[in-house]
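Note sheet for the following structure.
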Amino acid sequence: MVFRLLEQVRVLFRGASRQGTRSGLSGGASLPRHLAIIMDGNGRWATNRGLPREAGHRAGVESLREVVHACAELGIPYLTVYAFSTENWKRPRSEVETLMRLLVEYVRREMEQLHRHGVRVHILGRTTDLPLDVQVELDKAVHLTMHNNRITLNIALNYGGRAELVDAVRGIASKVKNHLLQPEEINAETIATHLYTAGQPDPDLLIRPAGELRISNFLLWQLAYTEFWLTDVLWPDFRREHLMDALRDYQNRERRFGALK
Ligand code: FPP
């Protein structure tokens, strides 16, 4: 109990001092509260080296590890990574199996350490369609870390922005059907609270590596006013220095949210 209280005080202090204490970041401008990343380019990274695509995904896990730790250190409280989309089932079965295996490995190997570092793991997506062993491992991770409050790591898995909106609409429709909600009471807040990210701030910054210029069905609702940072760097080559570049750039953006300055 006392320990948890101390941890909360520590988190508060970190929040207050998280600006300007790291090299190259501006002291005056704020860091994103929520960073989203499309981890793209694993396959190309491997192909460029004459390696099987699996090697690219494995190397991508290393980048993920580095970025999670950097975000925890910097005091970025929400990080969302796109690990497997509702469309990725169209890939060859062997690649899908590899990605599922890597995920289970990642969760098994990293969970204790993530837990010690105060990371709360949260899954975005239709998890009940995932293989059972993956679901079991994810459940363990989510339950182990559910009270942590340093950083929330959202892993988007069997995730699609359209599927998320469909699920939200179904949830709302069932409340209307059961007379718990009137149609005229539905507003943007109602929709936000029925998304997988309910209760979380929208992403302030989206990083998309590997030179792609698409949203790819990622966080369609939540990205409405998100700043984008695009780079040709392939995800397995993405390191802390690239994250710092993105954050510095973000700090120089002027966000108006549709208003005039
Ligand atoms: C896109 O690269 C990447 C993916 C579809 C999977 C991302 C997964 C990981 C980084 C590892 C597993 C995740 C976790 C959370 C442990 P691509 O394969 O489309 O690359 P390409 O566009 O170069 O072919």
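All of the numbers you see were taken from the coordinates with simple rules; none came from a lab. These numbers come from a predicted model, not from an experiment. Heads up, the Cβs are rebuilt from the backbone with ideal geometry, glycines too, and the neighbour counts pull from every protein chain shown.
The figures follow:
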read-out	value
Spatial separation of Cα centroids for segment 43-80 and segment 94-158, in angstrom	15
Placed amide H near T86: partners under 5 Å, 5+ positions off or other chain	Y159, G160
Rough spin-label spacing in nm, given labels placed 7 Å along Cα→Cβ, for R240 and A173	4.9
Built amide H within the under 5 Å cut-off of V121, gap 5+	T145, L153
Residue-by-residue Karplus 3J(HN,Hα) for segment 173-180, coefficients 6.51, -1.76, 1.60, Hz, glycine and proline x	4, 5, 5, 5, 4, 8, 6, 8
Summed side-chain charge close to A141 - residues other than A141 whose Cβ falls under 14 Å, Lys, Arg +1, Asp, Glu -1	-1
Residues with amide H under 5 Å from that of T80, placed H, sequence gap 5 or more	L35, A36, I37, N154
Dipole moment magnitude, nearest 20 debye, segment 130-261 about Cα centre, only Lys, Arg, Asp, Glu C-beta charged	200
Length-normalised contact order for segment 126-197 - Cα pairs under 8 Å, 6+ apart - percent	31
Residue (of V166, L153, Y225) at the positive-pole extreme of the chain, dipole from beta-carbon charges	L153
Surrounding net charge for F218, when Lys and Arg each add one and Asp and Glu each subtract one, Cβ distance under 13 Å	-2
³J(HN,Hα), Karplus 6.51/-1.76/1.60, whole Hz, each residue of segment 123-130, x for Gly, Pro	10, 10, x, 8, 5, 5, 8, 7
Net charge over other residues, Cβ less than 14 angstrom from the Cβ of A173 (K, R count +1; D, E count -1)	+1
Check: segment 145-221 dipole with +1 on Lys, Arg Cβ and -1 on Asp, Glu Cβ, in debye	240
Cα centre as origin, Lys/Arg/Asp/Glu Cβ charges: the chain dipole, Debye	320
Inter-label distance, nm, simple model (7 Å from Cα along the C-beta direction), I215/R253	1.4
Two-site FRET efficiency, R33 against E97, from Cβ-Cβ distance with R₀ of 41 Å, rounded to 0.05	0.70
Per-residue HN-Hα couplings for segment 88-104 [Karplus 6.51, -1.76, 1.60; θ = phi - 60°; Hz; x = Gly/Pro]	5, 5, 6, 6, x, 3, 4, 6, 4, 4, 4, 4, 5, 5, 4, 5, 4
